[in-house]
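Here's the structure, in structure tokens; my notes come after.
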Amino acid sequence: MTGPAGTGYAVPDDPAAWDADIAVTALYSAHWRPLVRLAVLLTGDASVAEEIVQDAFVALYRRWTSLSDPRAALAYVRATVVNGSRSRVRHRVVEERHRPAPAPEPAGPEEVALRAAEDALVLDALRGLPRRQQEVLVLRYYADLSEAEIAAAIGVSRGSVKRHASRGMAALRERLGAMASLGGAR
Amino acid sequence: MSDELPELLRRALHSEADGYIPSDDGLRVIRKRIADGDRGGERRHRLVPLVAAAAAGVVAVGGVALATSREPEGRTSPAPGATPTAEVSVAPPVTPSPSATTSGDARKQSVITGVPVYALRMEGSEGRLVREFREVPARGDKATSAVSALGLPPVDPDYRTFWRQPSRLDVDVRADRIVVDLSPDAFADPDAGSGTLTAVAVQQLVWTVTAAAGKDLPVTVLVDGERGYAAWGGYRLDRPLRREPANRAPVWIDTPAEGAPLPAGTQHVTGQGAGFEGTFTYRVTGTSGQVAAGFVTGTQAGRSAGWWTFDIALRLPPGAYTVTVVPDNPASGDERGPDWEDTKRFTVR
């Protein structure tokens, strides 16, 4: 039980043939890293991300027999991660909701850090969006999920995913435009 | 910019998350938690409403403890993730973490790669700032992890640090400033003395946290929440600090990192410095003596006059080498000051 993923026993291809142990092992070896990174993005805090993903795997194990479709195991784990990240940041969001807009691009003597500064602005603007919009944009532009997958991960309809995505992008555009940091000021 | 945005967003998200390397220990921990009867996310999920309703039962208390018992909770604003690695033409190499090199494959701790951490290079009694892109243990977000890593030994044996890892650390990147609040054990190293070196050592923190946050903001350093602490008994932390360019060493090599392997074919040695008119001389020695030497002219780095980025292209056969880069210094006599250089050992596969 203690070896790393992939050692020990062969994993059947078809999830329908998995037991809870195999499911955890197989999903871990394929998805641990991307899921932890997803949680890093959703919480902004690397120190809690791993625990959130561990939680999701433990929950998957407990729920395994009641899962209606074993093929949905990854979707279940992902939804648990999104949910866990959401509850973890909830208390923080309250105090940060009305943070003022970030300072203009650093006049840093160090680097031609245009790209880095631009990334920071985009992420700051993203963090300022309503939670659902952030989640949809992260799942779409980082995890590359389809609308249906995003809908399953955050527990809303596909129509809502569409709406959150387009509102989120519009709001991002507006915030970034207001900072005059894109396209213009370089 | 109408459709630059999706691409910008994608890039920003990847640059924020992809440097984060989770521990290899996850499966073992998950299995142990399963064996211990832990209920995982399920349990926490159910507890949320109980806690929210302020139900003071034993179960809810357990839930609260679970949610709050973790380490220096960053009130850090969600990491503004700039990797200042972007402007370096060669991606900063992943420096081997001590645990990875000494204890085999299983990495027990998660790490973040490509994190800029400043150290000191000494010439006589004078210390100046040098930069390393390092793989550092994850502690909260990138800025917090970078500050914490000031207390770990630099990778390059020519560099040093007087910082110790603080037992308590909180880095808060705000819109107009960065607030670093740490415990006094960060200043426990008696070798720092209490003179001018302490000011440069404080600048290590300023440069590191601003680089990791990707924002050149004023930095307020608090010790146990208070302003005015005397760092190492010397430099007084009584006002917001900015980066002081004069504290930089006149040259540092960014890549290769100390001990790093470079690919066969063309190798690049990159770095920054204040060589006169952007000129730096270099020499490369192998096991049987000097194998290359010359000079390179840098390109101006950003808006900073007199500060240059250089890129030395080499074609070396496989082997072990040391490269030394020296900034041109036309001054003579007393004005010349100590001669600064930077060296890195590397291998070509």
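Using a 10 Å cut-off on Cβ atoms, rank the peptides B:308-318, B:286-296, B:7-17 from the highest mean neighbour count down.
Working: B:308-318: 16.4, B:286-296: 12.0, B:7-17: 21.0.
Output ranking for B:308-318, B:286-296, B:7-17: B:7-17, B:308-318, B:286-296.
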- Would you calculate the separation in nanometres between label points at B:ARG227 and B:ASP191, each defined as 7 Å from the Cα along the Cα-to-beta-carbon direction? 3.4
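Evaluate the charge dipole of the range B:197-344 about its Cα centre and quote only its size in Debye, nearest 20, assuming +1 on the Cβ of each Lys and Arg and -1 on the Cβ of each Asp and Glu.
On the way: 12 positive and 15 negative charges, 59 e Å.
Value, rounded to 20: 280 debye.
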- Task: Extending each Cα 7 Å along its Cβ direction at A:VAL156 and B:ASP238, get the distance between those two points in nm, one decimal.
- Result: 5.2
- With a Cα-only, solvent-free Debye model of the range B:122-222, what are the log10 I(q)/I(0) values at q = 0.09, 0.14, 0.16, 0.20 Å⁻¹? -0.20, -0.50, -0.66, -1.05
- Computed E for B:LYS32/B:ASP339 - FRET, C-beta separation, R0 56 angstrom, nearest 0.05: 0.50
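Within a 10 angstrom radius of the beta carbon, how do A:GLU50, A:GLU149, B:GLU126 rank from fewest other beta carbons to most? Each step should come with its number before you reach the end.
Numbers: A:GLU50 23, A:GLU149 19, B:GLU126 15.
Ordered by Cβ neighbours within 10 Å, fewest first: B:GLU126, A:GLU149, A:GLU50.
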- Cβ-Cβ cut-off under 9 Å around A:TYR142, Lys and Arg +1, Asp and Glu -1: the net charge is +1
- Can you figure out the FRET efficiency of B:ASP311 with A:ASP13, using R₀ = 30 Å and their beta-carbon distance, to the nearest 0.05? 0.05
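To make sure I understand, if each residue's beta carbon is the centre and we count other beta carbons within 10 Å, what order do B:TYR118, A:TYR28 fall in, fewest to most? Write out the running numbers ahead of the final one.
Working: B:TYR118 28, A:TYR28 23.
With the fewest neighbours first, B:TYR118, A:TYR28 line up as A:TYR28, B:TYR118.
In peptide A:57-67, how many Cβ atoms from other protein chains are near each Cβ within 10 Å, on average?
Details: counts 9, 14, 8, 5, 8, 8, 4, 0, 0, 0, 0.
The per-residue average across the peptide is 5.
With a 10 Å Cβ neighbour count serving as the proxy for reagent exposure, in which order, fewest first, do B:LYS108, B:LYS344, B:LYS142 appear? The partial results should precede the final answer.
Details: B:LYS108 12, B:LYS344 23, B:LYS142 33.
The most exposed by this proxy come first: B:LYS108, B:LYS344, B:LYS142.
Based on the alpha carbons, how large is the Rg to Rh ratio for the range B:268-325 when Rh follows Kirkwood?
Values: Rg = 12.6 Å, Rh = 12.1 Å.
My calculation of the ratio gives 1.04.
Since every read-out is calculated from the coordinates, none of them should be taken as a lab result. Remember, it's a predicted structure, so these values are computed and weren't measured experimentally. Positions of Cβ are backbone-derived with ideal geometry, glycine not excepted, and every protein chain shown enters the neighbour counts.
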